[in-house]
Ligand code: C5P
């Protein structure tokens, strides 16, 4: 069954500081979104990439895709995004042609994910998992707190989950198409990833090994790291 990727790229990227929408900011001269599209299209299993663009910026994103060399065997679609990441993903799913049975959802903010990670996610879905997430162990110990009402004031610690049982999850997350569509129709709570919606349906979500280069570009320091990774790849 053919595989499509939905790339939500409609966020403003406030935490990165002032400037263009995050996905359109340059990494070594090329917009982050183009890196992300190439990373997914690098998999020979992915035959369609749907980019969910900032709602005002769909035409600009379309011309960006036309201006950059992308694999011939991959089709590209651009649709306008929504107010939340969840809504943007749903708008991407609405544009998905019927023949695609496997869907990846990948943040434009993870431009450097290696193709081996993409392929590992696809393989696990094809082997029957309804939902698959790339995951890494944590370096930091994590605390649950009572969030402060005033930013910057001390927060009481509530609990310390056992670190060895925790994983940081990345994208692309991979899904059986019908499962993801049902999750988006059923779950209305705010979520920060797609797999958690499938968990709420009571279905099995599994992990495959993630990769440190699949980190999310969120804050200014992440741009420094991303540039360094690209420089190392060029050596
Ligand atoms: O805000 P966060 O870092 O979780 O965003 C993850 C991804 O979701 C980014 O690629 C961002 O562009 C996308 N997004 C979106 N539509 C929104 C908000 C975020 O497509 N309304």
Problem set entry | Cα extents of the chain along the three principal axes, largest first (Å) | 53, 39, 37
Problem set entry | Relative contact order of the chain, defined on C-alpha pairs under 8 angstrom at six or more residues apart (%) | 23 percent
Exercise. Among 134-142, 106-114, how do they line up from the highest to the lowest mean number of other beta-carbon atoms within 10 Å?
Worked result: 106-114, 134-142
Problem set entry | Value of [θ]222 nm, deg cm²/dmol, for the chain, DSSP H segments ≥ 4, -39500 (n - 2.57) each, nearest 500 | -9000 deg cm²/dmol
Problem set entry | 93, 70 arranged by Cβ crowding within 10 Å, fewest neighbours leading | 70, 93
Problem set entry | Highest-MSF residue in the chain out of 206, 145, 217 [GNM, Cα springs under 10 Å] | 145
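Would you order 35, 184, 68 from fewest to most other beta-carbon atoms within 10 Å of each residue's own beta-carbon?
68, 184, 35
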For this session: Kindly work out what percent of the DSSP beta bridges joining two residues of the chain are antiparallel, to the nearest 5.
Result: 40 percent
For this session: Take the alpha carbon atoms of region 81-145, find their center, do the same for region 149-208, and report the distance between the two centers in whole angstrom.
Result: 11 Å
Exercise. Given region 137-198 reduced to its alpha-carbon atoms as identical point scatterers, what log10 I(q)/I(0) does the Debye formula return at q = 0.19, 0.22, 0.28 Å⁻¹?
Worked result: -0.91, -0.97, -1.10
Exercise. Which value does Rg/Rh take for region 42-137 over its C-alpha atoms, Rh per Kirkwood?
Worked result: 0.95
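Rg to Rh for region 64-198: what is it, with Cα atoms only and Rh by Kirkwood? Mind showing how you got there, number by number?
Values: Rg = 17.9 Å, Rh = 17.4 Å.
My calculation of the ratio gives 1.02.
Every number here is computed from the coordinates shown, using simple stated rules; none is lab data. This structure is a prediction, so every number in the text was calculated from the model and none was measured. Here Cβ is always computed from backbone atoms with ideal geometry, including for glycine, and neighbour counts include all displayed protein chains.
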